[in-house]
Amino acid sequence: MSGPAAGRSFAGPAVLAAFCLLLASVSAAAAQDVRDDLGRPFPLPAETPRRIVSMAPNITEILFALGLGGRVVGVTRFCDHPPETASIRRIGGLVDPNVEVIRSLDPDLVIAFRGNPLRLVERVRRLGLPVFVLDIGEGLDGLGRLVERLGRVTRTEGRAAEIAASLRARLEAVDAALGGIETRPKAFVLLYGQGLWTCGGASYVNDLIARAGGANVAAAMPKKWILYKRERIIKDDPDVVFILARSRADFEAGRERLVRMPGLAGVEAVRAGRIYEIDENAASRFGPRLVDVLARMAALLHPERFGGPA
Amino acid sequence: MSVRSGRRIFWAVSLFLFLAGMVLSLLTGPVMTTPADLVRFLRAPDPVHAAIFVDLRLARAVLAFLVGAALALSGAILQGYFRNPMADPFVVGVSSGASLGAVTATLLGFEAAAFGFSGPGLFAFVSGLAIVSLVYVLSLRRGGFKVETLLLTGIAAGSLASALTSFLLFMRSDSYDRAVFWLLGSFQLAEWSQAAAIAPWVALGLAGSIWLARDMDLLALGDETAQALGSPVRRVRKVFLALSALLASLGVAVSGIIGFVGLVVPHWVRLLIGPSHRRLFAASALAGGTFLLYCDLLARNLLPAELPIGVITAAVGAPFFLYLLHKKR
């Protein structure tokens, strides 16, 4: 065998080995990639990002719960929980965040949530910023997963697992208390303010009511928010009304408006006085406080199961 | 003051306003920047200021200018075409047709980009052209047409397209931000790729209309006279209609419906520099672009949240148009 040929036969396996090594290192790097909820690969940061922009109130809330409050440099004008968010730079609203402000904050992580217009999110991404988009389904079971996803992308997996476990435990406690209920009181949800706005079957509020042992009268409507008709409420005859309100005064105003509507005096919830206040701030965000809302709704729908009068 | 020096003043003032508008666009925005910041950036570029000055503000200013130029030129062509100063892309139905296409694409989920245009952009262009061709065919009778028939057909077709657009948007009540974008216009999502995609077409439209400007001058004398003077009237009319549809659809495709630019700017330019179409087309493009540049400055700086630009152009354009109408009487 001549020299060059031998060289070639020796080089073959070497090249192959080098290629395998390369493949191995590529797949090792790929293992550090996660995908966001749009299915786009996202290079996982080696350590916790230092400058995080949150594009939604529930995301802000969870970031603070993960102990990352000090690293959040931009929030929406709706981010008011916890109170420490007050001093953070506002990037605009949920549907109108300002791309220029976001870029000027020079973030190393931008977290978007459903409700942010996709085209704006894409615009931010094309400016070269690392954008992670979250869109967990509308079910309450998604809460734990949302926290874990956020923990993963911010490299606070440990804390996230603790919070997710506690959320799941509290959900299960409510499930256990409601085990074997025989009736599902009909519930109507009313958003404070003008018009009879309520939540349809596509909203997580619908899931909230079902999980709390009730039946949303608007569940059959496949939308998130709908303008309800007065005649329908009379026909549905709900046992309970939940008014999502920002303050006691908003709730009182909403209740007055409802009970004074012609024809509603005969509705069961109005006759029995079962009209209750729900904290709009907690109930309108897909965040950890939804579990508190769930516990309250369950106790109001099934007082007999929660130590109240049957 | 002679006519010629009046024209010189027009061009000088327009150019100055254009340049001043570009500088103002670079310096103003939700993030505070000073001229010193801009100078510092030009000497030693950094990624944050590169994004703010170049990718966001400059791209937006250039796109607003191009769209303004396209809309005003489209309006100038249509006003000559119909020998009627009330004509503009909206009256003929192009804008409504284009927005119907864009909204349809959005709701069907055609978001992918091709040739630098988004899915809605391509649909806007195709349906804008389709509706103006339909209007053209419907109003063409036995080898000739009446301008009144064409205008009324355009209004009817445009109203139908608008009604369909509203219906589609109403069906999908969760797409509020999109509805505002398509119905009232915005440059919030402006990008260099959009400016690069429409720039060649705007340039082509401008070159084509200037090249045929003399034929447009002849059309002002009436179709028979123009024909007798050697202008191929039918062919010229077809080319101008296609050009105006192309220009207006370009505008709608990248920034939604923006009203009054195509109506007011050519009108105003004609008063200042006279009716010769060669000058009118070039001047309308410059003035329209500059006009929209300033409207966008207002849209993004007037309030803490951005205003749709259609609100600004209507607020500035409609009273001016009413004033013109009143003065005429």
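Listed by chain and number, the lysines whose C-alpha is less than 22 Å from the C-alpha of A:LYS223, apart from same-chain residues fewer than 8 away, are A:LYS186, A:LYS235.
Taking Cβ atoms as reference points and 10 Å as the exclusive limit, the residues near A:PHE251 contribute a net charge of -3, counting Lys and Arg as +1 and Asp and Glu as -1. Summing charges over all other residues whose Cβ lies under 14 Å from the Cβ of A:PRO41, with Lys and Arg as +1 and Asp and Glu as -1, gives +1. Note on A:LYS229: aspartates and glutamates with a C-alpha under 19 Å away, same-chain residues under 8 apart excluded, are A:ASP237, A:ASP239, A:GLU256, A:GLU268. Here B:LYS327 is the anchor, and the lysines within straight C-alpha reach of less than 30 Å, apart from those fewer than 8 places off in the same chain, are B:LYS146. Sorted on the mean count of surrounding Cβ atoms within 10 Å across their residues, most packed first, peptides B:186-196, A:270-280 read B:186-196, A:270-280. A protection proxy built from the mean count of other Cβ atoms within 10 Å ranks the segments A:202-214, A:222-234, B:252-264, B:197-209, most packed first, as B:252-264, A:202-214, B:197-209, A:222-234.
Positive end of the charge dipole of the protein assembly as shown (Lys, Arg +1 and Asp, Glu -1 on Cβ, about the Cα centre): tell me which of A:ALA272, B:VAL264, B:LEU229 has its Cα farthest that way. The residue sitting most towards the positive pole is B:LEU229.
Per-residue shielding of A:100-106, expressed as the average number of other chain Cβ atoms within 10 Å of the residue Cβ, stands at 6. Across chain A, Cα pairs under 8 Å and at least six residues apart give a relative contact order of 13 percent.
Candidates B:PHE281, B:PHE320, A:GLY69 compared by Cα position along the dipole of the protein assembly as shown: farthest toward the positive end lies B:PHE281, with charges placed on Cβ. With bins 20 Å wide beginning at 0, the percent of Cα pairs of the protein assembly as shown falling in each bin runs 16, 39, 30, 13, 2, 0. Counted over the protein assembly as shown, the DSSP beta bridges are approximately 30% antiparallel. Of interest is the spacing of the C-alpha centroids, which for region B:219-234 and region B:6-69 amounts to 44 Å. Neighbours of A:ARG305 by Cβ distance under 12 Å: Lys/Arg scored +1, Asp/Glu scored -1, total -3. Mean partner shielding of peptide A:114-126, defined as the number of other chain Cβ atoms within 10 Å of each residue Cβ, is 3. Here, chain B has an Rg and a Dmax of 19.9, 67 Å when only alpha carbons are counted. For the pair B:LEU204 and A:ARG170, a Förster radius of 56 Å applied to the C-beta separation gives a FRET efficiency near 0.30, rounded to the nearest 0.05. Taking all C-alpha pairs of chain A, those more than 37 Å from each other amount to 31 percent. On a per residue basis, the convex hull of the C-alpha atoms belonging to region A:182-276 measures out at 94 Å³. Each of A:GLY193, A:ALA176, A:ILE209 was scored by the projection of its Cα onto the charge dipole of region A:164-281, and the greatest displacement toward the positive side belongs to A:GLY193; charges sit on the C-beta of Lys, Arg, Asp and Glu.
Read-outs throughout are calculated quantities, based only on the coordinates presented, and are distinct from any laboratory measurement. Since we're looking at a predicted model, the values are computed, not measured. Because the Cβ atoms are built from the backbone with ideal geometry, glycine has one as well, and the counts that use them run over all protein chains shown.
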